[in-house]
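> Sharing a structure, written as structure tokens. Questions coming.
Every read-out reported here was derived from the displayed coordinates using simple, explicitly stated rules and does not represent laboratory data. No experiment lies behind these values; they were computed from the predicted model shown. Every residue, glycine as well, gets a Cβ built from its backbone with ideal geometry; the counts of neighbours run over all protein chains shown.
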Amino acid sequence: MPNERKIILYIAMSLDGFIAKHDDDISFLAQVEQEGEDYGYSAFTQTVDTVILGRKTYDKVLSMGLKEPYGDRQVFVLTRNPHHKIDKITFYSGSLSDLVSSLKSETGKHIFCDGGAETVHQFLQNDLFDELIISIIPILLGDGIRLFGQCFPEQKLRLVESKSFEKGLVQLHYIRIRD
Ligand SMILES: NC(=O)c1ccc[n+]([C@@H]2O[C@H](COP(=O)([O-])OP(=O)(O)OC[C@H]3O[C@@H](n4cnc5c(N)ncnc54)[C@H](OP(=O)(O)O)[C@@H]3O)[C@@H](O)[C@H]2O)c1
């Protein structure tokens, strides 16, 4: 039987839990940039063929001028304002649980949740994450967009790996325990 497709959050936050400033400034991520070090991102993206992200993160990615940031992967952009499909980009306004169930019923690689915070909150409220890979950047931002909001069901996790890197980034890899 093929491995079940997993929903994996791969994201970076400041030590005090922010993924961006309120004006969407993510320049704090630059402090860990290092030639030849991508913190496992390329290897991770080889394990996924589908990406789910919020519309604001999609806009941010577009504003960064990255050409085909997700390659030939299937991309679902969550939005409450329907748009037409563009190539492999589907703008999705339905139930997130239904989308995840449908994707998991198909054969494929894993599914990458690329944030941002509102999107992560929807996943948490519906207990949809199977794995979380969180990179902690050595900075206290003090304010901004929090990765974890409040009011979602308790979800037990097991730490399967922790790595630290020369630039001070610490990467924590958790799997969701369902018993
Ligand atoms: N540090 C990192 O690794 C990292 C990673 C990802 C993102 N970010 C940053 O996070 C910020 C964006 O995060 P965010 O929390 O503000 O926004 P977000 O989650 O990226 O996008 C929020 C938008 O997604 C849509 N949405 C969310 N849930 C939905 C649902 N259940 N059904 C339909 N549509 C839904 C809505 O779009 P509409 O308004 O179109 O209806 C909503 O306004 C950006 O600054 C980005 O750069 C940082």
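> Which of Asp114, Asp87, Asp49 moves most in a GNM of the chain, Cα contacts under 10 Å?
Most flexible of the set in this elastic network: Asp87.
> Okay, moving on. Set the Förster distance to 22 Å, then compute FRET efficiency between Val170 and Glu35 from the Cβ-Cβ distance, nearest 0.05.
0.65
> Given the C-alpha atoms of the range 103-179, compute the convex hull and give its volume per residue in Å³.
127 Å³
> Search the structure for amide H atoms under 5 Å from the amide H of His83, placed 1.01 Å from N in the peptide plane, and list their residues when 5 or more places away or on another chain.
Correct list: Phe91.
> Rounded to the nearest 0.05, what FRET efficiency is calculated for Lys109 and Leu140 with R0 set to 35 Å and r the Cβ-Cβ distance?
Using R0 = 35 Å, I get an efficiency of 0.45.
> Rounded to the nearest 5, what % of the DSSP beta bridges within the chain are antiparallel ones?
Around 45 percent of the beta bridges assigned by DSSP in the chain are antiparallel ones.
> Cross-link partners among lysines for Lys104, C-alpha distance below 17 Å, same-chain residues fewer than 8 apart left out?
Lys6
> Considering amide H positions built from the backbone, and no H for Pro or chain starts, which residues 5 or more places from Cys113, or on another chain, come under 5 Å of its amide H?
Close amide H contacts, sequence-distant or interchain: Ile8, Leu9, Tyr10, Ile52.
> Treating the beta-carbon of each Lys and Arg as +1 and of each Asp and Glu as -1, no other charges, what is the dipole magnitude of the chain about its Cα centre, to the nearest 20 debye?
Approximately 440 debye in magnitude.
> So how far apart, in nm, are the two label points at Thr79 and Gln46 if each is 7 Å from Cα heading toward Cβ?
Using points 7 Å along Cα→Cβ, the separation is 3.3 nm.
> Got a sec to turn the phi values of the range 80-88 into Karplus ³J(HN,Hα) couplings, 6.51 cos²θ - 1.76 cosθ + 1.60 with θ = phi - 60°, whole Hz, x for Gly and Pro?
8, 10, x, 10, 6, 5, 10, 6, 8
> Please list 3J(HN,Hα) in residue order for the range 51-60, calculated via the Karplus relation 6.51 cos²θ - 1.76 cosθ + 1.60 where θ = phi - 60°; whole Hz, with x for glycine and proline.
10, 10, 8, x, 4, 5, 5, 4, 4, 5
> Right, another one. Above 27 angstrom, tally the Cα pairs of the chain and express them as a % of all pairs, no decimals.
24 percent
> Now for a separate question. What's the longest uninterrupted piece of the chain once you rule out the trypsin sites (Lys or Arg not before Pro) that are loop residues per DSSP with at most 13 other Cβ within 10 Å?
After excluding every exposed loop site, the longest remaining stretch is 86-155.
> Given R₀ = 30 Å, what would the calculated FRET efficiency be for Asp23 paired with Ile177, taking r from the Cβ atoms and rounding to 0.05?
Calculated transfer efficiency: 0.20.
> Next up: Just to check I understand the Karplus step: with θ = phi - 60° and J = 6.51 cos²θ - 1.76 cosθ + 1.60, what whole-Hz values come out for the range 130-137, glycine and proline as x?
Once θ is set to phi - 60°, the couplings for the range 130-137 become 9, 9, 10, 10, 10, 9, 9, 8 Hz.
> Related question: Explain nothing, just the number: relative contact order of the chain, from Cα pairs under 8 Å at least 6 residues apart, as a whole percent.
Computed value for the chain: 35 percent relative contact order.
> Moving on. In terms of the ratio Rg/(2.2 N^0.38 Å) built on C-alpha atoms, what value belongs to the range 8-78?
1.16
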